[in-house]
Amino acid sequence: MSLSNALRRTVLAGFMLGIGAALGGCSFSPVYSGTLASQPSLNLAYAKPANRLEQLIYQELALRLGESTSETAPLATVSASAGGGDMLVTGNPSPAIPVEVKVTATLTITARDGSDAEARSFTRTASANYTRSGQIVADNAAADEAVERAARGAAESLRLAVLAGLNR
């Protein structure tokens, strides 16, 4: 019986060491930090924004992916539009009306280093909800805030798409 326990412990210890060695060969790379998020190849030059939505998206991307003033840095161009704002029909008799706003953003990254690399384009959509109360000032402020939340969501989705595209 003693031999059986010793053999069992030896096999278990060998198994644990083998699993540890096998998992040691794996590597994971975090999306939100680490070397993948701070690669110098992600330093982009950004075009001038044409509207507030594009400005928000450029700011988020520059914060997360880095920004470069180099003439040869890849140029990132964003076009964004907000849509929706249609009332969602509910059976609720209260004056509060739920509304959904969607922002669609397209990011195009063009190489400017003289290479023949073709431009990469990513399109993402994000939405945000708000409630209309019938008060014009409050409704306008809520709509603006929802559009900004959706724009930041689209920017985050574009950032993840860029990171995924670089790993292919």
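Rule-based calculations on the coordinates, nothing more; no lab input. Please read all numbers here as calculations on a predicted model, not as lab measurements. Cβ coordinates were reconstructed from backbone atoms using ideal geometry, including for glycine residues, and neighbour counts include every protein chain displayed.
Just want to confirm a number: the relative contact order over the stretch 59-168, from Cα pairs under 8 angstrom separated by 6+ residues, in percent. Display every interim value, and only then the final one.
Working: 179 pairs, mean separation 29.2, N = 110.
About 27 percent, as a whole number.
In debye, nearest 20: dipole of the stretch 46-168 around its Cα centre with unit charges on the Cβ of K, R (+) and D, E (-)?
I would put it at about 180 debye.
What does the net charge come to around residue 159 if you take all other residues with beta carbon closer than 11 Å to its beta carbon, with K and R at +1 and D and E at -1? Before the final figure, lay out each step's value.
Working: positive: 64, 124, 152; negative: 60, 156.
For residues surrounding residue 159, the net value is +1.
Hey, rough spin-label estimate for residue 160 and residue 112, points 7 angstrom out along Cα→Cβ, what's it come to in nanometres?
So the label points at residue 160 and residue 112 sit 2.9 nm apart.
Once R0 is set to 41 Å, what does the formula 1/(1 + (r/R0)^6) return for the Cβ-Cβ distance between residue 70 and residue 140, expressed as a FRET efficiency to the nearest 0.05?
Values: r = 41 Å, r/R0 = 0.99.
In this case the efficiency is close to 0.50.
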